[in-house]
Amino acid sequence: MNEWYQTLIKPDWAPPAWLFGPVWTVLYAVIIVSFSYVGYLYLRNTIPLIVLLPFVLNIVFNLAFTPLQFGLQSNQLAAIDILLTFGTLIWALWAIYPYASWVTYVNLPYLLWVAFATVLQLTVTYLNW
């Protein structure tokens with residue numbers, strides 16, 4: 001991880017830095033398979049654009065987090081971004097459920113991790129304001 005991040009005040013319950021890589025590796029495998037399936041459903045005209053949209057936004061916000069947090073070294077922008085990531089994920093899983101409930105179920109670990117990451121980011125932002 002970034003040296004700057006190591007200097008930040010973090011809560012006692014923050015996981016060790018080494019844990020993030022393996023967790024995200026597994027989650028991204030699930031995301032690639034399930035989100036690609038949602039794209040496939042859209043291309044086959046099985047779902048409307050409004051169901052695909054939160055998945056696209058979620059990926060954009062998810063991928064923006066690292067440059068915001070570690071590139072710009074902005075806890076505030078990263079906090080806004082993680083809230084948007086969490087919100088679009090909830091929207092996405094709710095929207096796809098009537099069409100492909102397995103996509104919702106398989107992404108529950110992602111939802112739980114993003115919920116945890118949101119609380120962690122908000123806490124780190126507050127502690128380092």
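Only the coordinates and a few stated rules stand behind these numbers; no lab work does. Not measured: the values here are computed from a predicted model. Every residue, glycine as well, gets a Cβ built from its backbone with ideal geometry; the counts of neighbours run over all protein chains shown.
Data table
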| quantity | calculated |
| --- | --- |
| Leu111 versus Leu49: modelled label distance in nm, points set 7 Å from Cα along the beta carbon direction | 2.7 nm |
| Segment Val33-Ile90, length gained on full extension (0.36 nm per residue, minus Cα span) | 18.7 nm |
| Inter-centroid distance (Cα atoms) of segment 1-62 relative to segment 82-113, Å | 10 Å |
| Which of Val26, Val106, Val51 has the fewest Cβ neighbours within 10 Å, and the rest in rising order | Val26, Val106, Val51 |
| Virtual spin-label span in nm between Thr25 and Lys10, 7 Å along Cα→Cβ | 1.8 nm |
| The chain: relative contact order in percent, alpha carbon pairs under 8 Å with at least 6 residues between | 32 percent |
| Listed residues Phe35, Phe65, Phe116, most fluctuating in the chain (Gaussian network, C-alpha, under 10 Å) | Phe116 |
| Most to least packed among 38-46, 8-16 [average Cβ atoms within 10 Å] | 38-46, 8-16 |
| Candidates Leu19, Leu27, Leu49, ranked by Gaussian network fluctuation over the chain, Cα under 10 Å, top entry | Leu19 |
| Cβ-derived FRET efficiency at R0 25 Å, Tyr126 paired with Glu3, nearest 0.05 | 0.70 |
| For Cα Rg over 2.2 N^0.38 Å, calculated from these coordinates, the label among (i) 0.98; (ii) 1.12; (iii) 1.04 | (ii) |
| With Cα atoms, 0 to 90° folded angle of helix 20-43 axis to the chain main axis | 30 degrees |
| Ascending count of other beta-carbon atoms within 10 Å, so fewest first, for Ser34, Ser101 | Ser101, Ser34 |
| Gyration tensor (alpha-carbon) shape descriptor, segment 88-127, a/c threshold 1.5 | prolate |
| Gain on full stretching of the segment that runs from Ile59 to Tyr97 - 0.36 nm per residue minus C-alpha separation | 11.9 nm |
